[in-house]
């Protein structure tokens, strides 16, 4: 197991015996490596360990705590299965040296994972990850474990998280929320979100009954990822049945939030870029971001956030993908990534938090429908359209071959627009640490292709900007979407030999 590597969000793998699988031996070695890293760097304090409802998560969390205790590290175990943002909150609230969350978030039911937070409440990042990987590689074959009972985190911690989250909605904000349908996608966010929702004073929502209870088999979806086609079908059906105006969904560990709005006779899923822009404009316009507050997003997100920040006299910073980078931007007051992750309260949770984001989305929708807000953004900043896609592959070498093909033999045109630049993101000179990926630009169209850091797939991020202001926002949005659809097909023709799974 010397090849343990921390990806975008920690360690994730299919559960099973042997190297390359997620099992108690891997958890033990990872926990030994974490304890060694903390000791060698003289980082004092306890480690808090949380877990979700996936197969084996409680057992893996107990294993992690036993190894950490054996290494002489005070360890606090969360009292029950809880969303990832609660664990991220706990790290700082409890003045912990580090945090461990046993979760594979939105990955398939066969997977589990080990996510590490450091004392500042942010996910582990270079150079700490490399140092911890080295410590894991040096772990003994028989990692010591303690039989002493561990200490449980008090429920007061959950109450503190709820109080902070609910306080993000101003007392004078509209509370007559639109009709809402909600699903936790068989995950652990449902109970915590319901408490936050009710305490914030919003009207009751209609929950998707088939997906309300935690179920590690995720029986109603092919993939428990709200970005995936079909994942929100039951939510849309519930919304139609109760005549809802808005659909809210969390991924299984509650750190992501998906949104659907009415679209004719049905419902349309908003992209992460659309929700990210709506939240940014709302927070800025309502004075909740200080004058020196920085906005942040990633290199695969729409350029719209840059325009919003500039219009409000704020700075916008772009990082590599993942909140381990976004949360570390100096002075960050708001951050989002296009993969449905939003950090609206970095002072409380220095990571994406789907629960706090959902409350602010409901606050926005209670005052002005989100569709109208999107049109207002288009009138002020121009129409911006994103069209993420993904190509699943079980062969990492095949993904690498496809990226090299795109880099070495890119298309001459995207949707009829000449390609004017192809950038290898792994080469120096980009202003950011090298990362595996290729950026292709053709006029106002930009495409970034990179391997997912959490799942076996190749991700394609497409976005395009229109003229400002548009005469008919819906028509221009539809026209630009068609342009990106064509550009996406052309890129997939270059990335041959792989099976495509488009995201809605």
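A short reminder: the numbers here are calculations on the coordinates, not readings from a lab. Here the structure is a predicted model, which is why all the values come from computation and not from measurement. Virtual Cβ from ideal backbone geometry, glycine too; neighbours counted across all protein chains shown.
Taking other C-beta atoms within 10 Å as the exposure proxy, 455, 207, 482 rank 482, 207, 455 from fewest upward. Extension gain for residue 478 to residue 426 (0.36 nm times residue separation, less C-alpha to C-alpha distance): 15.4 nm. Counting neighbouring beta carbons within 10 Å and listing from fewest to most, the residues 323, 22 come out as 22, 323. Projecting the alpha carbon convex hull of the stretch 11-154 along each direction and taking the average yields 7.7 nm².
In the stretch 11-154, Cα pairs under 8 Å separated by at least six residues give a relative contact order of 32 percent. Beta bridges per DSSP, both residues in the stretch 11-154: antiparallel share near 50 percent.
Remark: relative contact order (the stretch 119-262) = 24 percent; criterion is Cα-Cα distance under 8 angstrom and separation of 6 or more residues. Segment residue 147..residue 59, full-extension length gain: 30.3 nm, with 0.36 nm per residue of separation and the alpha-carbon distance subtracted. Think of it as helices only: each DSSP H run of n ≥ 4 in the chain is worth -39500 (n - 2.57), and spread over all residues that comes to -10500 deg cm²/dmol at 222 nm.
Of all DSSP bridge pairs formed entirely within the chain, close to 70 percent run antiparallel. Using the Stokes-Einstein relation with a Kirkwood hydrodynamic radius computed over Cα pairs, the translational diffusion coefficient of the stretch 152-304 at 37 °C and a viscosity of 0.692 mPa s comes to 194 µm²/s.
Backbone N atoms of the stretch 22-48 closer than 20 Å to the 7 Å Cα→Cβ label point of residue 134 belong to residues 29-44. The orientation-averaged projected area of the convex hull spanned by the Cα atoms of the stretch 67-106 comes to 3.2 nm².
Both radii were evaluated on the Cα set of the chain; the Rg over Rh quotient, with Rh as the Kirkwood radius, amounts to 0.95. With a simple spin-label model that places each label point 7 Å from the Cα along the Cα-to-Cβ direction, the separation between residue 288 and residue 172 comes to 1.5 nm. Rg of the Cα atoms in the stretch 384-502, relative to 2.2 N^0.38 Å, amounts to 1.08. The spread of Cα positions in the stretch 106-172, taken along each principal axis and listed from longest to shortest, comes to 58, 33, 30 Å. Using Cα-Cα distances under 8 Å and only pairs 6 or more residues apart, what relative contact order does the chain have, in percent? Reported relative contact order: 13 percent. Each of 49, 332 was scored by other Cβ atoms within 10 Å of its Cβ. Arranged with the fewest first, they read 332, 49. When the inverse distances between all different Cα atoms of the stretch 426-483 are averaged and flipped, the Kirkwood radius reads 13.7 angstrom. Using only alpha carbons, the stretch 205-262 has a radius of gyration to Kirkwood radius ratio (Rg to Rh) of 0.92.
The packing ranking of peptides 91-102, 461-472, highest mean first, is 91-102, 461-472, where packing means the average number of other beta carbon atoms within 10 angstrom of each residue. A Förster radius of 22 Å combined with the Cβ-Cβ distance from residue 110 to residue 395 puts the calculated FRET efficiency at roughly 0.80.
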